[in-house]
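This report concerns only the one structure given below.
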Amino acid sequence: MRYSRIPDETIRRLPIYLRGLLLTSERGDKSISSTNLADFIGVNPWQIRKDFSYFGDFGVRGMGYDVQKLVKKIKGILKLDIIQKVALIGVGNLGSAILAFPGFGVYGFNIAAAYDVDPKKIGKKRNDIKIENISRLWMLKRRNIKLAILAVPANSAQDTTDKLVKAGVRGILNFSSCYLSVNKKVKVITIDIAMELARLPYYIPAG
């Protein structure tokens, strides 16, 4: 199901709600109120209720939300109820750390392919994933991989992105510190760790 006119900020918060629900499920909680969920993840209860209202009635007044049903609902909205195959582009220090990160499986992501330009890496395995030559990105369409994590230097990011789009990729998580130009059919989310860190000193009292 595709929902229309949903604010991007709402979609941005849904994975936060999902993470909180998964953690409460691990504690053995069967149900949770919007207030308790808000306290657990650090948002306002009204914000949770407003975000959920875009998609229908999730809870029962006075009883809260069934944790497992809500997990299933959010996964369905985010299309995480099926395994999502992902390609990692760039297996340097950052890319290697991404390959080793165990948290993707919780959300249904499977890094199914990894690519690099370094001939010393090509053909070797990292975390049971064989590193392939980046010249073979065109194979992604055949393998029905539509998501990619981009962990390449900024000077090669746009060219690599163009090849990913040509290969049928429609969603890119960009770790390169540059703006990527893509058509409207492709969604890019950029994470610049240094830039995010640069915000922190502002909030720290002087002295």
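The requirement of being assigned to a strand (DSSP E or B), assigned by TED's automatic domain parsing to the domain that holds ILE98 and among the small types (Gly, Ala, Ser) is fulfilled nowhere in region 154-161; no residue meets it.
Hey, among the residues in region 122-145 that are part of a loop (DSSP other than H, G, I, E, B) and touching a residue at least 40 places away in the same chain (Cβ under 8 Å), which one's nearest to ALA100 (Cα to Cα)?
Here the answer is ILE145.
Among the residues in region 86-96, are any touching a residue at least 24 places away in the same chain (Cβ under 8 Å), of a type in the set (Ser, Thr, Tyr), surrounded by 15 or more Cβ atoms within 10 Å (Cβ to Cβ) and not in a helix (DSSP H, G or I)? For region 86-96, residues touching a residue at least 24 places away in the same chain (Cβ under 8 Å), of a type in the set (Ser, Thr, Tyr), surrounded by 15 or more Cβ atoms within 10 Å (Cβ to Cβ) and not in a helix (DSSP H, G or I): absent.
Do you know which residues across region 179-195 are more than 23 Å from TRP138 (Cβ to Cβ) and more than 17 Å from the chain's Cα centre (by Cα)? Result: TYR179, ALA194, MET195. Here VAL182 fulfils each of the conditions (1) within 30 Å of LEU23 (Cβ to Cβ); (2) in contact with a helix residue (DSSP H, G or I) (Cβ under 7 Å, 6 or more places away or on another chain) apart from (1). Identify, from the list TYR107, TYR54, the residue that is surrounded by fewer than 16 Cβ atoms within 10 Å (Cβ to Cβ) and within 30 Å of GLY123 (Cα to Cα). Going through TYR107, TYR54 in turn, just one is surrounded by fewer than 16 Cβ atoms within 10 Å (Cβ to Cβ) and within 30 Å of GLY123 (Cα to Cα): TYR107.
A single member of VAL169, VAL152 is at pLDDT 95 or above, under 24 Å from ASP192 (Cα atoms) and in contact with a Gly (Cβ under 7 Å, 6 or more places away or on another chain), and it is VAL152.
Let's see how each residue does on (1) surrounded by fewer than 10 Cβ atoms within 10 Å (Cβ to Cβ); (2) acidic (Asp, Glu); (3) touching a helix residue (DSSP H, G or I) at 6+ places or on another chain (Cβ under 6 Å); (4) within 18 Å of ALA112 (Cα to Cα):
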| site | (1), (2), (3), (4) |
| --- | --- |
| LEU140 | no, no, no, yes |
| ARG143 | no, no, no, yes |
| GLN158 | no, no, no, no |
| GLY171 | no, no, no, yes |
| VAL186 | no, no, yes, no |
| LEU200 | yes, no, no, no |
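Pairs meeting the criteria (first residue in region 64-78 and under 16 Å from SER53 (Cβ atoms), second residue not in a loop (DSSP other than H, G, I, E, B) and not charged (D, E, K, R), beta carbons under 6 Å, at least 6 apart or on different chains) are GLY64/SER31; GLY64/ILE32; TYR65/ILE32; LEU70/LEU21; ILE74/LEU14; ILE74/LEU18. If only residues of region 146-156 that are more than 15 Å from ASP116 (Cβ to Cβ) and touching a residue at least 24 places away in the same chain (Cβ under 8 Å) are counted, the one that is nearest to the chain's Cα centre (by Cα) is LEU147.
The values are calculated or read from the model by the stated rules, or taken from the named source; none is laboratory data. Given the structure is predicted, the values throughout are model-derived calculations rather than measurements. When we count neighbours, we look across all protein chains shown, and the Cβ atoms used for this are built from the backbone with ideal geometry, even at glycine.
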